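Values in this text are rule-based calculations from the coordinates and carry no lab data. The shown structure was predicted, so the numbers you read here are calculated from the model rather than taken from an experiment. Every residue, glycine as well, gets a Cβ built from its backbone with ideal geometry; the counts of neighbours run over all protein chains shown.
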Amino acid sequence: MSVSEGERHQGLIVIGDDPKGVAKVSFRLVHPLNPDDLQDYLVAYNRLKNAVDGNLLIYARQARANYTGLIRQIEREVRTGPISRFARTGKPYQTAIACAILTFCSALHLYQEQTEAEVVRHFGKPSAEHTSVRSMFSAAYDRTLAYRLLYRLRNVLVHHSMDCIGFQLGAEETTTPAGLILQHHYVRVSLNREAFLRTDKGVSAAIRKELESLEADPQFDDLFSAGMAELERVHQEVSEFYNHDIDRHATRIVELDGLFKAHEGDRALGTMILPTATTPMQMPHTVLDDDVFGFARRVVESKLNG
């Protein structure tokens, strides 16, 4: 195919290592698209990208990942040194853990607040749409104790006390059938019920009763696991309701996924503008997130399964 200076080629781009080793990366146009199809794919991608992480959900995910990473770092340190030494030097870790917990609780709380505000901006208040979205959040709150506790914990941490976060290091010994003694170090971060329940406001009588009925303080590992699962569930419900055309966009992205399947490398949509005598080659492009493709597949599969 003959090419001309400044000629534009639009379509699917794969980014990878330069096989010749001349440049840091190579850009390959692997499937051409006409301008209308390129724009349609970009619109569909951006709509789903916003549904996946264009809001506070991404901060909840990252806060949970940060929390888990901190716990693993502490476990490594207490395995290689005395716990008493860590008790003297571990304050930065405890502060970082508290920040991760506060970020998660704030993201959960503000996700509901900002989602409702966006629905009101588009549909007004009162409106059937606003009532429906509020009912989705109410159902999530009613379904899961962890969601209720984390939602309320944000207010307690911000307005009352950070003492609700309990931190415990320890070691346990177990004996194998062969008589070998094994030592296991543990890190436990729990909701301090005593401090939480000292709060005069923001904790309902029902939650007080639920907490008092527990045998022990709930662990944040368990609270994050159940709370994140509920947040992801309500996020998908809200996204499917609010983005009423999400099925059509998801179908387009699954179609785009199929076009990329035979090609390895980072995926992008864009335009290749060939160099001229006065300008270098240009490659304006949008790199595509694998999470968006996964979300699109789940939406399509959910639709097919009824």
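In deg cm²/dmol, rounded to 500, what helix-only [θ] at 222 nm does the chain give when every DSSP H run of at least 4 residues adds -39500 (n - 2.57) and the total is split over its residues?
Roughly -19500 deg cm²/dmol at 222 nm, from the helical runs in the chain.
Would you mind computing, in nm to one decimal, how far apart the modelled labels at D266 and E212 are, each placed 7 Å from Cα along Cα→Cβ?
A separation of 5.6 nm, rounded to one decimal place.
Distance in nm between label sites at D200 and Q62, each 7 Å beyond Cα in the beta-carbon direction?
Result for the modelled spin labels: 3.7 nm.
Assuming R0 = 30 Å, can you tell me the calculated FRET efficiency for the pair A128 and V43, based on Cβ-Cβ distance, to the nearest 0.05?
Numbers: r = 27 Å, r/R0 = 0.89.
Calculated value: 0.70.
Quick check on the exposure proxy: order K49, K24 from fewest to most C-beta atoms within 10 angstrom.
The fewest-first ordering by Cβ neighbours comes to K24, K49.
So if R0 is 30 Å, what FRET efficiency would Y141 and A96 give, r being the distance between their Cβ atoms, rounded to the nearest 0.05?
My answer for the efficiency is 0.60.
Beta carbons within 10 angstrom, averaged per residue: use that to sort the peptides 124-134, 67-77, 222-232, highest first.
Numbers: 124-134: 14.0, 67-77: 15.7, 222-232: 19.0.
Highest mean packing first, the order is 222-232, 67-77, 124-134.
Beyond 21 Å, what percent of the Cα pairs of the range 235-306 remain? Kindly include the intermediate steps, with their values, before the conclusion.
Details: 1066 of 2556 pairs.
Result: 42 percent of Cα pairs exceed 21 Å.
Counting pairs of Cα atoms in the range 55-244, how many percent are more than 32 Å apart?
Working: 4606 of 17955 pairs.
The calculated P(r) of the range 55-244 puts 26 percent of pairs beyond 32 Å.
Round to the nearest 10 and give me the degree value, 0 to 90, for the angle of helix 91-123's Cα axis relative to the longest principal axis of the chain.
The answer is roughly 60 degrees.
Treat every Asp and Glu Cβ in the chain as -1 and every Lys and Arg Cβ as +1, leave all other atoms uncharged, and give the resulting dipole magnitude about the Cα centre to the nearest 20 debye.
On the way: 35 positive and 40 negative charges, 159 e Å.
The dipole of the chain has a size of about 760 debye.
Grab the Cα-Cα distance for L180 and D247, subtract it from 0.36 nm times how many residues apart they are, and report the gain in nm with one decimal.
Values: separation 67, 0.36 × 67 = 24.12 nm, distance 5.80 nm.
Additional length available on full extension: 18.3 nm.
Exposure proxy check: D217, D247 ranked by fewest other beta carbons within 10 Å? If you can, show how the numbers build up before the last one.
Numbers: D217 19, D247 15.
Listing D217, D247 from fewest to most nearby Cβ atoms yields D247, D217.
To the nearest 10 degrees, how steeply does helix 35-53 sit against the main Cα axis of the chain, on a 0 to 90 scale?
0
Given R₀ = 35 Å, FRET efficiency for I15-L110 by Cβ-Cβ distance, to 0.05?
Working: r = 34 Å, r/R0 = 0.99.
With R0 = 35 Å, the Cβ-Cβ based efficiency is 0.50.
Relative contact order of the range 55-244, please, whole-number percent, based on alpha carbon pairs below 8 angstrom and at least 6 residues apart. Each step should come with its number before you reach the end.
Numbers: 186 pairs, mean separation 44.2, N = 190.
RCO, the range 55-244: 23 percent.
Return the loop-located trypsin sites (Lys or Arg not before Pro) in the range 217-293 (DSSP other than H, G, I, E, B) with at most 13 other Cβ atoms within 10 Å of their own Cβ; answer none if there are none.
Working: sites: R233, R248, R252, K261, R267; in loops: K261.
The qualifying sites are K261.
Please list, or write none, the lysines whose alpha carbon is within less than 25 Å of the alpha carbon of K201, excluding same-chain residues fewer than 8 places away.
Output for K201: K209.
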